[in-house]
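J.: Dropping a structure here in structure tokens format, bear with me for questions.
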Amino acid sequence: MNTPSQEAAPGSRVWRLGAQVDTDALAPGAYMKFGYEVMAQHTLESMRAEFAAGVSVGDVIVAGEGFGVGSSREQAAGVLVHLGIEAVIAPSFSGLFYRNAFNLGLLLLTCPRASEILEGERVQLLESGVQRPGGEVLPTKPIPDFLLEMVRAKGLLNVLKARIKSGEIQAFPEL
């Protein structure tokens, strides 16, 4: 996994993908018996052989309709978190992938105009949308606060741990 260089332009670098990117492309079945370190080396190799070696922490994926279709494997979102992907931007997502991603702390932005974002662009992620070079903001659908809380905490487990620690919830309520 690479880290961003200090001379990098501000914003998140875009990796473009097509529509219907499935969970097997994200977390290939042949590598499911290994941990994230090995799985991540093969992320998207069937679509973009250079992806896993070239992606940097803070990069974003911009894709077409139906990102994350296929199985319910949460590793498909987990490898993107492991690689340091900041967000996935697409017009629509598989329902199972959507929830798995937020549970693991991965930001998904539903953007009907995602196809306008170009490979290699540097974008800024805003509450109201995605800002392209030149200042144009492509609107995104609002994300519920409870899902944003998971992204900020880096996943649902961290949210629950914080709530237990604060006393907001009990780890083992009486039966």
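Throughout, read-outs are computed from the coordinates displayed, never taken from laboratory work. For clarity, every value in this text was computed on a predicted model and none was experimentally measured. Glycine also receives a Cβ, built like all others from the backbone with ideal geometry; neighbour counts cover every protein chain displayed.
J.: What net charge do the residues around THR110 carry, taking every other residue with its C-beta under 15 Å from that of THR110, with Lys and Arg at +1 and Asp and Glu at -1? Let's see the in-between values first.
T.: Numbers: positive: ARG99, ARG113, LYS141; negative: GLU65, GLU116, GLU127.
Result for the neighbourhood of THR110: 0.
J.: Which value in deg cm²/dmol, rounded to the nearest 500, describes the helix-derived mean residue ellipticity at 222 nm for the chain, given -39,500 (n - 2.57) per DSSP H run of n ≥ 4 and division by the residue count? Show your work: numbers first, answer last.
T.: Numbers: 7 runs with 51 residues, N = 175.
It lands at -7500 deg cm²/dmol.
J.: Another question, if that's okay. Could you point to the label whose value was computed as Rg and Dmax of the Cα atoms in Å for the structure here, given (1) 16.5, 58; (2) 36.0, 134; (3) 25.7, 98?
T.: Only one listed value fits the structure, namely (1).
J.: Here is a follow-up. How much length, in nm to one decimal, is gained on full extension between LEU125 and GLU174, taken as 0.36 nm per residue of separation minus their Cα-Cα distance?
T.: Details: separation 49, 0.36 × 49 = 17.64 nm, distance 4.28 nm.
Gain in length upon complete extension: 13.4 nm.
J.: Within a 10 angstrom radius of the beta carbon, how do THR140, THR23 rank from fewest other beta carbons to most? Write down the numbers at each step before the final one.
T.: On the way: THR140 21, THR23 24.
The order, fewest Cβ neighbours first, is THR140, THR23.
J.: Excluding same-chain residues fewer than 8 positions from LYS165, which lysines have a Cα within less than 18 Å of its Cα?
T.: Candidates past the 8-residue exclusion: LYS154.
J.: Give me the extension gain from GLU50 to LYS161: residue separation times 0.36 nm, minus the current Cα-Cα distance, reported in nm with one decimal. Walk me through the intermediate numbers first.
T.: Values: separation 111, 0.36 × 111 = 39.96 nm, distance 3.67 nm.
Between GLU50 and LYS161, full extension yields an extra 36.3 nm.
J.: Could you work out the relative contact order of the stretch 78-167? I mean the mean sequence separation of Cα pairs under 8 Å and 6+ apart, divided by the number of residues, in percent. Walk me through the numbers before you get to the answer.
T.: On the way: 120 pairs, mean separation 24.6, N = 90.
Across the stretch 78-167, relative contact order equals 27 percent.
J.: Which listed residue (VAL151, VAL79, LEU17) has the Cα farthest towards the positive end of the charge dipole for the chain, taking +1 on Lys and Arg C-beta and -1 on Asp and Glu C-beta about the Cα centre?
T.: VAL151
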